[in-house]
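Taking it in order: structure first as structure tokens, then the write-up.
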Amino acid sequence: MKKVDPPKPAKPILPSLTSEQVQYLVDHVSDVRDKAIISLFTDNGMRLSELTNIKSVDIDLDNNTITIWGKGNK
């Protein structure tokens, strides 16, 4: 029994925002930049660090895409 590791405690799952809560946030923000940040963050499931590391060279306006560099530069 000494060689058997005890089970790891379960990590709590953090609550997420509902669609209505996200829409409320977007509707009550006046700055276009802030609306874009909220939309990007909630619609794509990206990490906060991925969102804050977006550079202007990562944005392709011609194709309406943003390259996101995730954990481990993947």
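The values are calculated or read from the model by the stated rules, or taken from the named source; none is laboratory data. What you see is a predicted model, and the numbers here were worked out from it, not measured in a lab. We place every Cβ from the backbone using ideal geometry, glycine too, and count neighbours over all the protein chains shown.
Numbers for the structure displayed
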item: Every residue from the range 21-68 that is assigned to a loop (DSSP other than H, G, I, E, B) and surrounded by fewer than 12 Cβ atoms within 10 Å (Cβ to Cβ); result: 28, 30, 31, 45, 55, 61, 62, 63, 64, 67
item: Filter result for residue 29 (at pLDDT 85 or above and touching a helix residue (DSSP H, G or I) at 6+ places or on another chain (Cβ under 8 Å)); result: yes
